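Structure record follows, encoded as structure tokens.
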Amino acid sequence: MSSITLSGLALATPTNRTLFSGLNLAFNRERVGLVGRNGLGKSTLLRLITGEAVPAAGSVTVEGTVGVMRQMAVVAHDETVADLFGARDALNLLHRAELGEASVEELSSADWTLEERIAAALGRVGLDDALPTTPLAQLSGGQRTRASLAAAIFKAPDFLILDEPTNNLDRQGRAAVIALISNWRAGAIIVSHDRELLEKVDAIVELTTLGATRFGGGWSAYRDRKEVELAAAEHDAAHAEKAMDEASKQARLAAERSDRRAAVGARKGAKGDMPKIASGRRKQNAEATRGSTRRLVDARREEAGVALAAARERIEIVQAPSFPLPATGLATDRRVLQLDDVTAGYSPGEAIIHRLSFTMVGPERVAIAGPNGSGKSTLLNLVAGGLRPASGTVRVLVPAAMLDQQAGVLRSDASVLDNFRRLNPDATDNAGRATLARFLFRGDGALQMVSTLSGGQLLRAGLACILGGTTPPQLLILDEPTNHLDLDSIAAVESALKAYDGALLVVSHDEVFLEAIGITRRLDLTDRRRQD
């Protein structure tokens with residue numbers, strides 16, 4: 001029976017920040033989604049399972065074979081699809097056999113079904129046109145991701161290990177990966193923020209600062225359970241606050257009673273109604289009683305305080321962050337964007353967008369659709385002013401701002417607060433700090449260098465600096481805003497954009513995200529590229 005068992009795992013970052021300690025998990029023949037806020041060690045946990053990292057303490061036991069999908073940002077110029085499958089030498093042997101150049105001993109070890117099986121694996125991820133000899137450099141990033149996944153499933157491993165398998169994939173690529181996982185009957189451990197994909201798993205394991213928790217079912221079941229947990233945590237916090245108030249009240253009443261008794265005794269002693277010995281004994285008893293009462297009340301207050309702190313910590317972990325966006329005042333009949341007969345590309349004579357006309361009016365929410373290479377990011381670049389059209393006109397008729405995946409509007413060598421001041425020169429320092437606090441950059445958090453921010457923090461900082469000023473833009477342009485974000489950050493961005501009253505022009509392959517932010521129209525660029 002194949003299984004993966006993690007026992008008492010402990011690991012820290014190079015800066016000695018503990019990622020997890022005493023972690024115990026078991027995975028069987030099931031599909032498991034691994035989720036949690038960025039920086040908690042999800043990808044590191046996968047590397048521990050594959051043996052690429054070693055824990056500071058504890059053990060990893062793998063019973064069965066493991067297939068790993070690797071991300072390929074950079075590939076060698078001579079690297080081919082066959083190299084992903086580890087099949088270059090075996091395919092060369094088949095080629096030499098066809099030419100009659102292989103020895104008898106080599107022919108006895110030849111795998112005559114190899115090419116057919118590689119083609120079948122590529123077909124399962126929607127790469128029917130790719131060949132083993134296809135250079136990886138000729139494939140798009142999304143196609144490389146799918147080819148890597150095909151290589152991971154090629155030998156039918158007992159477990160698939162996947163780290164963000166749908167990142168940078170177009171709609172077709174995402175659908176292929178989701179379909180594969182839906183029909184996968186062996187084990188799989190998947191780090192992902194893709195809610196469509198997470199809907200297909202058998203269980204979700206969430207990493208938090210408190211450890212790991214398993215939830216049965218896919219994304220919807222996990223989300224429902226988290227809502228129940230949040231309600232319970234808020235109830236416990238309210239109960240702890242009430243207990244804290246009651247303990248404080250008891251302490252005050254006990255002190256008042258003790259003071260009254262002491263005052264009565266003092267008055268009797270002053271009148272001579274009580275012998276000195278009795279008066280002294282009464283005073284000692286009163287002080288002892290006061291001390292005992294104070295210790296009891298202090299213990300109750302401490303207990304209530306611990307319960308309150310624990311409940312608030314659970315709320316902090318369970319509750320997704322949220323932040324508001326200011327009003328833009330965009331009128332419903334205001335023309336926002338006008339493209340007339342636009343042709344554009346990055347090289348003369350090679351149009352990516354061909355004769356496109358398009359208009360946005362009022363607070364429309366438009367998603368730019370199409371496969372990778374169809375010109376979605378090119379169109380955003382045109383609107384943002386980073387690219388000039390070869391012909392036609394692009395007119396942006398309201399204040400606009402663009403936020404890409406890297407939040408390029410921010411300077412990486414400056415703090416979040418410094419970037420806010422630069423982009424909002426009319427805002428006071430207090431106004432800047434107040435705005436950044438609403439976007440969860442409180443206190444010293446506003447002084448963090450942009451180069452040190454996580455993906456979720458980077459997007460929050462970009463939104464704060466672009467939209468947090470006194471005159472926010474009425475058109476917001478977003479390029480794949482959910483890539484590299486954790487689920488909590490995605491929920492926060494969705495919540496903010498739902499309340500935004502300006503116009504949105506968005507490129508995203510995340511259908512759940514597009515639905516959540518209320519997309520009203522789609523512009524499909526599939527047929528907009530010149531077929532010369």
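The values are calculated or read from the model by the stated rules, or taken from the named source; none is laboratory data. Keep in mind that what you see is a predicted model, and the values were worked out from it rather than measured. For neighbour counting, all protein chains shown are included, and Cβ atoms are generated from backbone atoms with ideal geometry for every residue, glycine included. Please note that ligands, DNA and RNA were not included when accessible areas were found on the heavy atoms of the full protein model with its side chains. Shrake-Rupley method; radii C 1.70, N 1.55, O 1.52, S 1.80 Å.
Taking R0 as 51 Å, what's the FRET efficiency between ARG96 and VAL512 from their Cβ-Cβ distance, rounded to 0.05?
0.55
Any chance you could look up the accessible area of TYR346 with a 1.4 Å probe, heavy atoms only, rounded to 10 Å²?
Around 130 Å² of this residue is reachable by solvent.
Test of understanding: express the Cα radius of gyration of region 39-187 as a ratio to 2.2 N^0.38 Å, with N the residue count.
It is 1.16.
Determine how large the accessible area of HIS509 is when every protein chain is in place; take a 1.4 Å probe and give Å² rounded to the nearest 10.
Its accessible surface works out to 20 Å², give or take rounding.
Using the alpha-carbon centroid of each, what span in Å lies between region 471-522 and region 402-429?
Computed from Cα coordinates, the inter-centre distance equals 20 Å.
Would you mind working out the accessible area per residue for region 336-464, using a 1.4 Å probe, and quoting it in Å²?
44
Assign one of three labels to region 389-447, namely rounded, prolate or oblate, based on the Cα gyration tensor with a ≥ b ≥ c the square roots of its eigenvalues; rounded applies when a/c is under 1.5, prolate when it is not and a/b is larger than b/c, and oblate otherwise.
It comes out prolate by the Cα gyration axes.
With bins 5 Å wide starting at 0, give me the P(r) of region 442-520 over every alpha carbon pair, in whole percents.
All Cα pairs considered, the percentages come to 3, 13, 26, 26, 18, 10, 3, 0.
Starting from the Cα gyration tensor of region 1-94, multiply each eigenvalue by 5, take the square root, and state the resulting semi-axes largest first in whole Å.
Equivalent-ellipsoid dimensions as semi-axes: 31, 18, 12 Å.
On a full-extension model of 0.36 nm per residue, what is the gain between ARG521 and VAL74, subtracting their alpha-carbon distance, rounded to one decimal in nm?
That works out to 157.4 nm of additional length.
Taking a quarter of the surface of the Cα convex hull of region 411-478, what do you get in nm²?
With the hull built on Cα positions only, its mean projection is 4.3 nm².
Based on Cα coordinates alone, diagonalise the gyration tensor for region 171-232, multiply each eigenvalue by 5, take square roots, and list the semi-axes in whole Å, largest first.
Over the Cα atoms of region 171-232, the semi-axes work out to 24, 13, 10 Å.
Provide, in order from the shortest bin, the percent of all Cα-Cα pairs of region 377-532 in each 5 Å bin, continuing until the bin that contains the maximum pair distance.
Binned Cα distances yield the sequence 1, 8, 18, 21, 20, 14, 9, 5, 2, 1, 0, 0.
Can you work out the accessible area per residue across region 18-110, with the rest of the protein chains kept in place, probe 1.4 Å, in square angstrom?
54
Which aspartates and glutamates, if any, have their Cα less than 17 Å from the Cα of LYS200, not counting same-chain residues under 8 positions apart?
Of all the aspartates and glutamates, those that pass the test against LYS200 - Cα under 17 Å, at least 8 places apart if same chain - are GLU30, ASP163, GLU164, ASP224, ASP510, GLU511.
Calculate how many DSSP beta bridges within region 76-217 are antiparallel, expressed in % of all such bridges and rounded to the nearest 5.
That works out to approximately 60 percent antiparallel.
Using only alpha carbons, build the gyration tensor for region 103-142 and give me the equivalent ellipsoid semi-axes, biggest first, whole Å.
27, 13, 6
How much length is gained if the chain between GLU30 and ALA10 is pulled fully straight, taking 0.36 nm per residue apart and subtracting their Cα-Cα distance, in nm to one decimal?
My answer for the length gained is 4.8 nm.
Under 15 Å from the Cβ of VAL66, count the other residues' Cβ atoms, weight Lys and Arg +1, Asp and Glu -1, and hand me the total.
Result for the local shell: 0.
How large is Rg over Rh for region 312-462, taking Rg from the Cα atoms and Rh as the Kirkwood inverse mean of 1/r across Cα pairs?
1.04
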